[in-house]
Amino acid sequence: MSLIIRGATVVTAEHEFRADVVCAEGVITAVGPGLSAPADAKVVDGTGKLLLPGGIDPHTHMQLPFMGTVASDDFYTGTAAALAGGTTMIIDFMIPGPDGLLAGYETWRERAEKSACDYSFHGCVTAYSDKVAEEMGVLARDKGINSFKHFMAYKGAMMLPDDALLMSFNRCRDIGALPMVHAENGELVYYLQQKLLREGIKGPEAHPLSRPPELEGEAANRAIVIAAVAGVPLYLVHTSAEQAVEAIIRARLNGQRVYGEALGGHLAVDDSVYRNEDVVFARAHVMSPPFRPKGHPEALWKALQAGHLQTTGTDHCAFMAEQKAMGKDDFTKIPNGCAGVEDRMSVLWELGVNTGRLTPSEFVAVTSTNAARIFNIYPRKGSVSVGADADLVLWDPTVQRTISAKTHHQNVDFNVFEGMKVAGGPSVTVSRGRVVAADGKLLAERGAGRYVPRTAFGPAFEAAGKAKALLAPRAVQR
Ligand code: URP
Ligand code: ZN
Ligand code: ZN
């Protein structure tokens with residue numbers, strides 16, 4: 001099956017140019033002016049529109065069993081919603097159960113078979129042992145997992161102490177995988193949660209009080225120091241607090257290879273949502289780190305603009321109101337997580353490009369290309385070039401809509417961007433050369449997505465290893 005998109009302005013992370021793009025057998029076969037295509041090729045008119053690499057969401061949790069329930073978007077509904085919004089690949093977090101990382105990997109592969117778009121996995125290290133170290137090596141070498149998340153929060157569940165972080169970061173270094181952290185000081189979050197409950201403050205308004213921005217800044221800094229000691233690059237997921245941004249900037253200015261991700265939600269929403277008199281509304285916003293006081297979102301924007309943060313994700317982890325109600329008498333039992341995979345691209349365009357914070361090329365970088373580079377799948381993903389997977393979005397900068405849970409495709413009854421008017425969105429989404437959404441009609445196919453293995457030891461990783469001697473002469477490998 002072949003496809004030609006004629007007359008659009010191609011926008012990559014580097015530049016914009018007018019070209020036709022031909023796709024066959026799922027890959028891009030030609031990019032240039034005045035191209036011809038096989039007689040039976042599907043023709044899409046791109047006149048007046050932009051043609052972008054499909055969005056990559058590096059942070060999702062589809063059908064995740066979490067906090068006594070299971071996230072309501074499964075790999076099909078969640079990835080179909082992603083395609084509707086112009087995201088053509090997700091990287092989901094594989095969180096192992098008691099059977100370990102390899103068993104977890106098999107479980108995730110099975111769950112993800114129904115995906116409508118391409119997908120890959122990060123591993124999660126929730127305890128450290130010889131068996132975990134061994135399995136991390138197998139995943140990196142044989143299964144295409146080159147990144148591992150570590151939780152510095154969720155005490156009593158997935159939280160890792162500092163010595164385990166160092167051992168796991170060392171292991172990541174040795175196997176060529178990128179360590180990632182959820183940076184919040186989990187000990188102090190737990191202390192504050194218990195204190196608030198003892199004081200009788202049990203509603204969702206207590207959630208941000210138990211997780212102040214300073215605790216994210218402290219944990220971010222600690223993780224960065226541990227990565228320096230290990231001599232390994234580091235990726236901070238869902239960076240939400242100005243203090244964490246400052247820690248990243250300090251490290252980068254010191255020559256350490258540290259990456260940061262911002263979420264669409266944290267860029268657009270502030271913590272006033274937790275003080276809303278509608279408790280169902282407030283509860284629906286419970287996620288970790290929480291939405292932050294005004295000022296923090298702007299700090300995230302400035303860091304994205306400056307390149308101190310490189311990627312945007314969603315932390316898509318959808319829960320229905322009835323699931324959120326599990327914590328109606330105790331905010332610590334509200335399942336943590338919010339949806340967003342469908343709207344990230346439009347929200348980033350509206351608040352980024354339409355305000356002049358980002359150029360279209362910078363938009364492509366932070367929604368797609370940088371993630372492809374950091375996670376070592378570039379230029380197969382995140383580029384419009386011959387040989388790349390034909391994951392493309394024909395973007396109409398003029399199309400207007402109001403975001404709402406009433407019209408979104410995500411399998412959840414709430415949208416944190418509810419009522420937001422956005423100008424700019426996908427008019428056609430192409431996944432591996434197939435039109436999967438066009439003019440508001442979703443044509444996603446269950447099971448059409450493919451697993452994308454990611455090779456260990458990416459270029460950035462190797463550079464960090466080599467540069468270690470220059471960057472941190474006092475650091476010793478343990
Ligand atoms: O609240 C969140 N973020 N839920 C998903 C798990 C995580 O920490 O990423
Ligand atoms: Zn997290
Ligand atoms: Zn997450």
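The values are calculated or read from the model by the stated rules, or taken from the named source; none is laboratory data. What you see is a predicted model, and the numbers here were worked out from it, not measured in a lab. Reconstructed Cβ throughout: ideal geometry from the backbone, glycine too, with neighbour counts over all protein chains shown.
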Discussion item. Yes or no: region 292-309 includes at least one residue that is farther than 19 Å from ALA262 by Cβ, assigned to a loop (DSSP other than H, G, I, E, B) and either within 15 Å of ligand 2 (Cβ to nearest atom) or in contact (Cβ under 8 Å) with a residue 60 or more places away in the chain (or both).
Written reply: no
Fill in: Lone unmet requirement of (1) touching a His at 6+ places or on another chain (Cβ under 9 Å); (2) crowded, with 21+ Cβ neighbours inside 10 Å for CYS124
(2)
Worksheet item: Is there a residue being away from ligand 1 (no atom under 16 Å from the Cβ), modelled with pLDDT of 95 or more and under 18 Å from the mean Cα position of the chain (by Cα) anywhere in region 317-324?
Response: no
Fill in: Any chance LYS333 is away from ligand 3 (no atom under 16 Å from the Cβ) and surrounded by fewer than 21 Cβ atoms within 10 Å (Cβ to Cβ)
yes
Discussion item. As an exercise: evaluate GLY260 against (1) part of a helix (DSSP H, G or I); (2) within 15 Å of ligand 1 (Cβ to nearest atom); (3) closer than 21 Å to LEU165 by Cβ; (4) not charged (D, E, K, R) and give the number of the one condition it does not meet.
Written reply: (1)
Item to complete: Go through ILE201, ILE224 for me and flag whichever is of a type in the set (Val, Ile, Thr), modelled with pLDDT of 95 or more and outside any loop (DSSP other than H, G, I, E, B).
Response: ILE224
Practice prompt. State which residue is surrounded by the fewest Cβ atoms within 10 Å (Cβ to Cβ) when the search covers only region 227-246 and only residues that are assigned to a helix (DSSP H, G or I) and over 20 Å from the mean Cα position of the chain (by Cα).
Written response: GLU246
Discussion item. If GLY68 satisfies all but one of (1) within 25 Å of GLU261 (Cα to Cα); (2) touching a helix residue (DSSP H, G or I) at 6+ places or on another chain (Cβ under 9 Å); (3) more than 16 Å from ligand 2 (Cβ to nearest atom), what's the number of the condition it fails?
Written reply: (1)
Worksheet entry | Counted residues, region 178-221 - those being hydrophobic (A, V, I, L, M, F, W, C) and within 30 Å of VAL232 (Cβ to Cβ) | 9
Practice prompt. Those residues that are in contact with a Pro (Cβ under 6 Å, 6 or more places away or on another chain) and not acidic (Asp, Glu), I need them from region 185-216; list them, please.
Written response: HIS207, PRO208, ARG211
Discussion item. Name the residue that is nearest to ASN336 (Cα to Cα), counting only residues in region 77-111 that are more than 16 Å from ligand 3 (Cβ to nearest atom) and among the small types (Gly, Ala, Ser).
Written reply: GLY97
Discussion item. Could you check region 253-278 and list, in sequence order, the residues that are of a type in the set (S, T, N, Q) and closer than 26 Å to PHE375 by Cβ?
Written reply: ASN254, GLN256
Discussion item. Checking the structure you have, find out if any residue of region 203-216 is without any contact (Cβ under 8 Å) to a residue 24 or more places away in the chain, more than 15 Å from ligand 1 (Cβ to nearest atom) and under 26 Å from ARG373 (Cα atoms).
Written reply: no
Item to complete: Among residues belonging to region 34-76 that are of a type in the set (S, T, N, Q) and surrounded by fewer than 19 Cβ atoms within 10 Å (Cβ to Cβ), point out the one that is nearest to ligand 3 (Cβ to nearest atom).
Response: THR69
Worksheet entry | GLY295 within 24 Å of THR87 (Cα to Cα) and either at pLDDT 95 or above or not acidic (Asp, Glu) (or both) | no
Response to the item:
Taking region 310-324 and the residues there that are crowded, with 24+ Cβ neighbours inside 10 Å and either among the small types (Gly, Ala, Ser) or assigned to a helix (DSSP H, G or I) (or both), the one that is nearest to ligand 2 (Cβ to nearest atom) would be GLY313
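Here's the yes/no breakdown for (1) aromatic (Phe, Trp, Tyr); (2) under 28 Å from PHE414 (Cα atoms):
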| residue | (1), (2) |
| --- | --- |
| GLY78 | no, yes |
| ALA82 | no, yes |
| GLY85 | no, yes |
| ILE90 | no, yes |
| GLU106 | no, no |
| TYR119 | yes, yes |
| SER129 | no, no |
| GLU134 | no, no |
| VAL138 | no, no |
